[in-house]
Each structure stands twice: as C-alpha cells, then as structure tokens.
Amino acid sequence: MTILVTGGAGFIGSNFIFYLLRHRPDDRVICVDSLTYAGNLSTLSSVMQDQRFRFYRADICDREAIGEIFQKERPDVVVNFAAESHVDRSILDPSAFLRTNIFGASVLMDASLQYGVSRYHQVSTDEVYGDLPLDKPELMFTETTPLRTSSPYSASKASADLLAQAYFRTYGLGVTISRCSNNYGPYHFPEKLIPLMIINALNDRPLPVYGKGENVRDWLYVEDHCAAIDLILRKGREGEVYNIGGHNERKNIDIVRLICGELNKPESLIEFVDDRKGHDLRYAIDPHKIETELGWRSKVSFDEGIRKTIQWYLENRSWWQTILSGEYQDYYRMMYGKSDE
Ligand code: NAD
Ligand code: DAU
C-alpha cells in the first residue's frame, strides 16, 4: 500500500511515519509538508534515506502541486495530519487556520476523489466537542456528542470533519475520521504545555500556568494514537468517526508539578498568568467504540509516557534548542511578554 501522510514533519505526523515504517514493511510512505514554523525536516532525518519513504515540500492548499504529487505517487490511502494546531495562535489570528485546516483538507479530498484514493483519513480532535464541566466527572465525549466548538482552531477542525462527512455522503469518498485527546511524546513542538514546561524548567525559567491550572486534559502517549489510526485505516468502517483516548485525565497544575518533581526543580518556578480566552474546562474521551469494534487499547501508562518524554527532551536538546531560536522567539515574547532565551 502507498500511504500519503500530510503534516509528517510535525509532532504526530512524524511519529506516525516512524510507526508505519517500523510496523508495516510492505507499505510505502509519502510525506507532504509545507514546513511551516511547526514543521521540522530534521525530525525526519533518520528516514530520509529509506527506500520506502519520500518527502515532498508542498502546501496542501496548492491544488496544482497536490495534483502532481497524487499523479506521480498514486496513493492508496491519505492521512491528513497537516494543520495549524495551536489554540493560542488561532486566538491571535484565525486566518491560517481557516486556510489550511478547512480549505487544505478540501483540496486533499478533491485529489483523493480524482485519483481514486480508497481511504481518506481526517485526523481530527476531541476539541470539536467543546468542553465538559469540571464537576460532572461521569460525562465524557462519545462519537455522537454534538459539535460545539470554542476556539477558531476547533471550529476549523470541526468544519473539516463536516466536509469529510459531506464528501462521503455526496461523492462516496472512503472517509474515516478520528478524534483524539491531547497527545504527548517525542518531537512535540515547544509551544505546547508539556514540552514548554519541560524546557522552561530545564532552563530555570518561569512556568506559565493559565488561570488557576484547574483545567483538565485527557493525555495519550503519541504512539498509542499512531497505532489507533493505523488500525482505523485497516479495519475501520467508511463514513465512521472513532474517538481515541486512554482514560487519563489530569489537571494542568498537576502535570506541571509532576514535571518539576521529575526534574528536581522547585515549584516556585510556577507563575499563574492570564487565562486563555474561551479556555475549555475539561476534555474526556470515551474510547468504547474503537476498543470494542477494532480491539484498540492504549498501552503506555502516563507515568511511563511522561518519563520517556522527559528523557527524550533531555537527550535531544539540539532538536528543541534550534527551534527556540528565530521566529519562535517573537511568538513567545508576544504570548508571555518576555524572551525565552
Ligand atoms: P503540528 O503543529 O506539530 O504539525 C503540523 C504539521 O503540519 C507541521 O509539520 C506543518 O509544517 C504542517 N503544515 C501546516 N500547514 C500546512 C500546509 N498548509 N500544507 C502542508 N503542511 C502543513 O501538529 P500536531 O500536534 O502534530 O497535530 C497533527 C494533527 O493532529 C492536527 O491535524 C491536529 O489537529 C491533530 N490533533 C493533535 C492533537 C495533539 O495533542 N497535538 C490531538 C488530537 C488531534
Ligand atoms: O485535545 C486535543 C488538542 O490538544 C489538539 O487538538 C491541539 O492541536 C493541541 O494543541 C492540544 O490543545 P490544548 O489547547 O489542550 O493544548 P496546549 O498544550 O496548548 O494546552 C494544554 C492545557 O495547558 C490547556 O488547558 C492550556 C494550558 N496551558 C497551555 C500553555 C501553552 C497553560 O496553562 N500554559 C501554557 O503556557
């Protein structure tokens, strides 16, 4: 099978490429990525010479470039990870989110129809369901929970989900959609909570916690997410949505304290800062459908995953130190009012 992976130079896409090349020796993997600030070609350096892998630098909104790649590579399956993915950036300026996350997805679906792709998989997020109250722990997101988005990011992701369902119903494109909870692990871009806190703590920098740190996220080790998508591609039913999550809800403040503890850093580094606008209170995925229908289970516990992740950031300083220079500095200054150096 030839699997075309978009956004493969980012966090989850790169981990998915490594997963495929490791577990699926008969597959070819084509990566399409425009290398935005979040895409990093060095992440893929270990697979660049692999005969089963090919990289194209292209924007998923560029219909002509995408058409040429599909014409040349004739993918059987497309997995769309490419997206603007950071909620805070979407609050500062939604435009890139609308362009890539909605229009870009439609360009990929058009090409998938035109070139007879048998499966188009849209990588979505639990954020399309909005949030849950903190005081009702029994409530969880299921695949039938109504879409109720909070940020321009989640609104753009929900739009792509609706488009994918429309392409399935109207044109018969073989679509599947997955909605996963918060991922963590290697190659996670330093703007996101867990890598930001690890890196700032290592540098003895303040740890900026939004509001009171009471918001809850449901964390999944990235490899578990990759395994779930791989399973959906092979066994999932067309037209279906699958939630992915490992029942691991944590308050932000508890995660930050845990990172301080693991790195032997004082909790006095924690700084409570202004809350995110429209900040979702709690996410919690009910993964019953993917567990019972496809037999997926998360394998990595949070204790194991967070230790592996911290260890990875300790051992791969040059990966994140390169990112901390340049354009990222301007974003950090705008968000947190000080330089990250
Ligand atoms: P990321 O920001 O780390 O990576 C995104 C990648 O997409 C980058 O390599 C970037 O260069 C590329 N890209 C952006 N715009 C592009 C364009 N127009 N054309 C081609 N490439 C482009 O994101 P991530 O955290 O790896 O998330 C990947 C996907 O998974 C996203 O669709 C996101 O919505 C979804 N998701 C993420 C999480 C999470 O916790 N990170 C959870 C659930 C779902
Ligand atoms: O749930 C899936 C989503 O998870 C994905 O769709 C998104 O692409 C991904 O970025 C992530 O979104 P979140 O907004 O949940 O992740 P983030 O790491 O930005 O923030 C996690 C929590 O930590 C959130 O409640 C905000 C808080 N936070 C974040 C940052 C960056 C802080 O308190 N301080 C910070 O500096």
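The values are calculated or read from the model by the stated rules, or taken from the named source; none is laboratory data. Computed from a predicted structure; not experimentally measured. Cβ coordinates were reconstructed from backbone atoms using ideal geometry, including for glycine residues, and neighbour counts include every protein chain displayed. Areas reflect the complete protein model, heavy atoms only, side chains present, ligands, DNA and RNA absent. Shrake-Rupley method; radii C 1.70, N 1.55, O 1.52, S 1.80 Å.
Rounded to the nearest 10 degrees, what's the angle between the helix 302-315 long axis and the longest principal axis of the chain, both from Cα atoms, 0 to 90?
Taking Cα atoms only, the helix is inclined about 90 degrees.
Expressed as a rounded percentage, what relative contact order does region 231-312 have, with Cα pairs under 8 Å and six or more residues apart?
The value is 49 percent.
Strictly greater than 15 Å: what percent of every Cα pair in region 52-106 meets that?
54 percent
With a 1.4 Å probe and every protein chain left in place, tell me how much accessible area CYS180 has, in Å² to the nearest 10.
The accessible area comes out at roughly 10 Å².
So what's region 135-226 giving for Rg/Rh, alpha carbon basis, Kirkwood Rh from the mean inverse pair distance?
Ratio value, two decimals: 1.05.
Would you compute, for the Cα atoms of region 73-202, the largest minus smallest coordinate along each principal axis and list the three values in descending order, in whole Å?
Largest first, region 73-202 extends 48, 35, 26 Å along its Cα principal axes.
Give me Rg/Rg_expected for region 24-71, where Rg uses Cα atoms only and Rg_expected = 2.2 N^0.38 Å with N residues.
Ratio of Cα Rg to 2.2 N^0.38 Å: 1.23.
Would you mind computing Rg(Cα) / (2.2 N^0.38 Å) for region 1-159, counting N as its residues? All intermediate terms of the calculation are to be shown ahead of the outcome.
Working: Rg = 16.5 Å, N = 159, 2.2 N^0.38 = 15.1 Å.
The value comes to 1.09.
Pick from ILE232, ILE290, ILE323 the residue whose mean-square fluctuation is largest in a GNM of the chain, springs joining Cα atoms under 10 Å.
In the Gaussian network model the winner is ILE323.
Largest first, please: the extent of the C-alpha atoms of region 213-255 along each principal axis, to the nearest Å.
39, 20, 11
With N set to the number of residues, divide the alpha-carbon radius of gyration of region 226-282 by 2.2 N^0.38 Å and report two decimals.
That ratio works out to 1.76.
Quick one: among ALA227, ALA164, ALA83, which has the greatest mean-square fluctuation in a GNM of the chain with alpha-carbon springs under 10 angstrom?
Taking springs between Cα atoms under 10 Å, the residue moving most is ALA227.
Please give the peptides 11-18, 98-105 ranked by average Cβ packing (other Cβ atoms within 10 Å per residue), highest first, as a rough proxy for protection.
The peptides rank, most packed first, as 11-18, 98-105.
Given the rule -39500 (n - 2.57) for each run of at least 4 DSSP H residues, summed and divided by the residues of the chain, what is its mean residue ellipticity at 222 nm, to the nearest 500 deg cm²/dmol?
Using -39500 (n - 2.57) per qualifying helix, the result is -12000 deg cm²/dmol.
Which length gain, in nm to one decimal place, applies between ASP254 and ARG52 when the Cα-Cα distance is subtracted from 0.36 nm times their residue separation?
68.5 nm
So if I take the centroid of the Cα atoms in region 236-291 and the same for region 99-178, what is the distance between those two points in Å?
If we compute the Cα centre of each part, the gap is 20 Å.
Looking only at GLY67, GLY245, GLY185, which one moves most when the chain is put into a Gaussian network model with springs between Cα atoms under 10 Å?
Result: GLY67 has the largest fluctuation of those listed.
Restricting things to alpha carbons, tell me how big region 68-143 is in terms of Rg and Dmax, in Å.
Cα-based Rg and Dmax for region 68-143 come out at 16.4, 53 Å.
Enumerate the amide H contacts of TYR210 below 5 Å, restricted to partners 5 or more residues apart or on another chain; note that Pro and chain-start residues carry no placed amide H.
Under 5 Å from the amide H of TYR210 lie the amide H atoms of VAL273, each far enough along the sequence or on another chain.
On a 0 to 90° scale, report how tilted helix 252-262 is relative to the longest principal axis of the chain, with both axes built from alpha carbons and the result rounded to the nearest 10.
For 252-262 against the chain, the angle is about 70 degrees.
Report relative contact order for the chain in percent, whole number only (criteria: Cα-Cα under 8 Å, sequence separation at least 6).
Relative contact order, the chain: 17 percent.
Please list, short to long, the whole-number percent of alpha-carbon pairs of the chain in consecutive 20 angstrom bins beginning at zero.
Calculated P(r), rounded to whole percents: 31, 61, 8.
Could you tell me, in Å, what Rg and Dmax come out for the Cα atoms of region 242-341?
17.4, 49
Which whole-number percent is the relative contact order of region 2-94 (Cα, under 8 Å, 6+ apart)?
Taking the mean separation of contacting Cα pairs over the length of region 2-94, I get 37 percent.
Nearest 10 degrees, 0 to 90: what angle lies between the long axis of helix 152-171 and the longest principal axis of the chain (Cα atoms)?
Rounded to the nearest ten degrees, it is 20.
So which trypsin sites (Lys or Arg not before Pro) in region 1-96 pass both tests, a DSSP loop state and at most 11 other Cβ atoms within 10 Å of the Cβ?
For trypsin sites (Lys or Arg not before Pro) across region 1-96 that sit outside H, G, I, E and B with at most 11 neighbouring Cβ atoms in 10 Å, the list is empty.
I'd like the per residue volume of the convex hull spanned by the Cα atoms of region 188-239, given in cubic angstrom.
120 Å³
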